[in-house]
Structures are given as C-alpha cells and as structure tokens.
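Only one structure is covered here, and it is reproduced in the block below.
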Amino acid sequence: MTKLYIDSKQKEGFIHPEIYGHFSEHLGRCIYQGLYVGESSEIPNTNGMRNDVVKALNEMKVPVLRWPGGCFADEYHWKDGIGPKVDRKRMVNANWGGVVEDNSFGTHEFFELCEQLGCKTYVNGNVGSGTVQEMNEWVEYMTFDGQSPMADLRKKNGHEKPWHVDYFGVGNENWGCGGNMTPQYYANLYRRYQTFVRNYDQENPIYKVCCGANSSDYEWTEEVMKTCAYKTPEHLHCLMDGLSLHYYTLPNSDWAHKGSATDFDEAQYYTTLHKTLFMEELVNKHSRIMSKYADEDKVGLIVDEWGCWYDVEPGTNPAFLYQQNTMRDAMVAAINFDIFNHNCKVVRMANIAQIVNVLASVILTEGSDMILTPTYYAFHMYRHHQGANLLHTNLTGNTEVGINEEEQVPKITQTASVSSDGTINLTITNVSIGQPENINVNLAGISNFKVIEARILVGKMDDYNTFENHNIVSEVDFKGYTDTDTELSIELPPCSIVLLRIEENQ
C-alpha cells in the first residue's frame, strides 16, 4: 500500500508561476499558422492572433512566453520586424529549413500576443550575430518611456507607451548554434552585452538570463559562474539574475534516429521516462556549482528548453520539427513538473519546447482546425500550483516499474501545494502502463476537509488526439476516491494524472 503524508502547515518554498512557462520560436509552424495568421486571415483572429489558440492557452494559464528563439534568436535582427509590414525585410531562416521569413511577426506582435495571453515576456537577444549597439537599442525601443531615438521610433510605429520586458536572455545556446563559443569567451561577452541591457524602469528591473549549459556540461556552468558571478571580501559581483539550462528527452541517444512519437513499445516508453528523470540530477548538480558563487536567491536556474524530441511525423518537413503528442508525453511533463516543483527554491522558470506545432507542443493546428494534446491537459491540471507554496510530503511504499532492470522508474510522482486562499492542490501521477495503485493520503494539520474538485487524465501509453477525433484523450471528472475527515483513499488507474483540490471545512 502506497501512503502519502501531507503536512498542510509546513511550507517548503514558493512555486514560481514561470515554472509552467512556454517557448515560441520562428520555427516551422509555431509562430506562423500556429499562433499568428495575420489580420486578413479567414481564420478568426484578433490583431492577427488566432482566437481559438489564444482562448485555449488562456484556459491553460500561460505565465510567461519566450521569443524569438532558440537558434533563431542569434540570427534575428529586430529592426527587420518593425514598421509597416509591406516594408519589412524578408530573410532566410537558415536554422530551420531555409524558408523565407517575412518578419510580419515582430516586436509589436509579440507584445500584442502576450497582452492577449496576460502573461509575462521573455525576450532573447542576439549575441551570436548581433552587436552590443543592436541589443542596447532594442531594449531602449521596448522599455524607455521618454524622448530618445528608439523611443521615438516606437511611437512612430504606433505604440506610444513602452512595454515591460520581464526577462531578457543574453544569447541562446552560445555553446552551439549561437556561435560555437567556449564558456570563457561567452562569459566575457555576456559581461559586456548585459551592461547595455539598461533598466530604464528602476522599479521593475529586467531579469537578465545568462546562457547556461547544454545538459551535463558542468564545466560551462563553472566557468560562466566564475566569470559572471564572483565574490570579493567586500561584495558579491553578480552580473546575472538567472542561468539557463537545456535538456531534451530522447528515447534513443542517436539524434538521427530519435524514435517515433507514436509508434513505440513498452520498453521505449519506460526508457523515455527513465531518461527524463535525469532532469533531477541536472538541476541538483548545476545548482550546486551555482551556489559556490551566488546564493539561490541571487541567481535562479532557468530551464528554458525542455521536453521530448522525436523524429518528425512522416511526410512533414524535417526542419519543422512537427511531432504528435501521446500520453507518454503527458507522463514526461508530470515528472518534470514535479522535479521543478520540489526544487522550486532553485528553479525560477522553465519553458517547454515548444508551444504550438513544434516538438512537445500543447496545441497542434491544421488550417482553421486545432487539437489539444495530452501535454496540454497536464499543464491544465497542474496550473493550480502556479504561485502556490510547496507543502512537505512523504511518500512511502512507492515501487519501481519498467521492462529493463537498469531503467526502472518510480511508479508514483506527486506535488502538493497550498494556494493563497488556503486551498490544497494535489496532483498524483501513476506512470505504470498496466498497474493501478491504491494510495492513502493523510492530511496532517487539517481536522476536517472536503474535496472541491477532482479531475483525471487517463489513457493508454500511445493514445493521442487527431484532427479526425479531437477527444481520444481529455481531462474529465474523477470519481475514484473516498474521503473521511482526515484521510483520502485514491484508486489511481495506470497511465494517469489525478488532480484533487481540497478545502478545510470551517
């Protein structure tokens, strides 16, 4: 019997809403056709943004959106994407298929999208092929409230008041597509470039994100932290607010043959989950290195690219990274959410790659049609943890499941949190393909409670929604629990996520 003890009075950290963040890049059909169709499109839109997609994302509660990349960011020159659209430069998207980028979605459109989503903004600057002046002028264009060349240009282009940039990334993957730099070279460039990311609004400073490591490149973290956040006897010289980390879950280690998104067996299912658990080790090891140079409240870990990466769907452009999304991906999402939640003192933000039509998307579109993926429902069920406080839990009797002995994974993963209004949010996932699990939940510190919401996402490991059938996988009401004054008994089906929201009876 698996038992979960929850101490409703012991808070262990604040779960930043941005942990449930998203990422949009000029890649394939993420921006164009996915988020943006243009004002003249027959697809219903508001100022060019798809109404159906925006509505679904608002229901899922997007806290922050990262743009314009990704690899695209270090070839993006922001002035190409402002002004009348007929005058905007057309360029080659060299990273993603050599297609023509017409720059009809630029700075103004990004902020319009974020306003419709009610989310924070995360802008990635160009270090790889851009200049300090270019980055400096972009920040001025976006954020300066006064008279200056760039502020005047923004006003000329139709936006009188400045926007607020919540997060600004100084480069992206500069160890790879962002310039193939050494950590020492990038760290010194970062010191220079970040100097000119000015805080024109002193009351709401920009959170500066330094380019961090690719997966387990701990040397990168060490060298960058040593150069950009170092201590002297008198002072901590911290030139960053956050350090990024990228890690993708691949069923197969061969990037040329990563594995199918939909055609996989039980062994590949458990291999995928086992590999995604590596995120826990990455968070722990990188954060330990970071703590040598700055306290966790000074520099946060920003996991701004994560998720599953498979072979593209047959018959699609291989550079567009379009893949389907099954219950396996929902399990991967739940595992990562729980890792981030339980490390919320360290993890400041995370951004799944990517939001629509690319990699581990929450939404897929075809023309005017749209489907929600299992990963969408995982985000939707976990949304109540945003801005809540993590509660102390103790899970006993949890077994491991898997086909191969070396790739066993914990059967149950969970997060318990308490919202500001006192509501307890409990998400529990059973990753087993065929074994249900009975779980007794003890709520210490509450003498009498009631369940006010109970939802479940459940299916076979390879279930996914299609444009012919939108509802093969969907979130529904959950009845498989009984409760007494202080204890819950939950019958958790295989391959499922359950959400319970609990209030204390007054």
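Structure values in brief
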quantity: Filter result (surrounded by fewer than 18 Cβ atoms within 10 Å (Cβ to Cβ) and within 20 Å of MET142 (Cβ to Cβ)) within region 54-77; calculated: HIS77
quantity: Hits in region 430-465 - residues which are charged (D, E, K, R) and over 10 Å from LEU492 (Cβ atoms); calculated: LYS450, GLU453, ARG455, LYS460, ASP462, ASP463
quantity: Matching entry among GLN414, GLN386, GLN435, GLN408 (being within 21 Å of ASP329 (Cβ to Cβ) and touching a Gly at 6+ places or on another chain (Cβ under 7 Å)); calculated: GLN408
quantity: Residue in region 78-98 that is of a type outside the set (Asp, Glu), buried (at least 24 other Cβ atoms within 10 Å of the Cβ) and not in a helix (DSSP H, G or I) present; calculated: no
quantity: Residue identified as at positive phi, of a type outside the set (A, V, I, L, M) and buried (at least 22 other Cβ atoms within 10 Å of the Cβ) among ASN126, ASN103; calculated: ASN103
quantity: Number of the condition not met by GLU203 [criteria: (1) in contact (Cβ under 8 Å) with a residue 12 or more places away in the chain; (2) at negative phi]; calculated: (1)
quantity: Region 457-478: number of residues that are free of Cβ contacts under 8 Å to residues at least 24 places away in the same chain and not in a loop (DSSP other than H, G, I, E, B); calculated: 2
quantity: Of all residues in region 158-200 being among the acidic types (Asp, Glu) and touching a residue at least 60 places away in the same chain (Cβ under 8 Å), the one that is surrounded by the fewest Cβ atoms within 10 Å (Cβ to Cβ); calculated: ASP166
quantity: From ILE339, ILE363, ILE352, ILE371, residue being under 19 Å from PRO410 (Cα atoms) and either of a type outside the set (S, T, N, Q) or without any contact (Cβ under 8 Å) to a residue 12 or more places away in the chain (or both); calculated: ILE339
quantity: Flag if ILE363 is modelled with pLDDT of 95 or more, β-branched (Val, Ile, Thr) and within 13 Å of the chain's Cα centre (by Cα); calculated: no
quantity: Residue check for ILE352: assigned to a strand (DSSP E or B), modelled with pLDDT of 95 or more, in contact with a strand residue (DSSP E or B) (Cβ under 6 Å, 6 or more places away or on another chain) and of a type outside the set (Gly, Ala, Ser); calculated: yes
quantity: Matching residues in region 138-154 - criterion: being more than 28 Å from the chain's Cα centre (by Cα), surrounded by 14 or more Cβ atoms within 10 Å (Cβ to Cβ) and part of a helix (DSSP H, G or I); calculated: MET150, ALA151, LEU153, ARG154
quantity: Entirely in region 211-309, the strands (runs of 3 or more DSSP E) that have 1 or more residues that are modelled with pLDDT under 95; calculated: 229-231, 236-238
quantity: Flag if LEU457 is buried (at least 19 other Cβ atoms within 10 Å of the Cβ) and at pLDDT below 95; calculated: no
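The values are calculated or read from the model by the stated rules, or taken from the named source; none is laboratory data. Please read these numbers as outputs of a predicted model, since none were measured by experiment. Backbone-built Cβ (ideal geometry, glycine too); neighbour counts: all protein chains shown.
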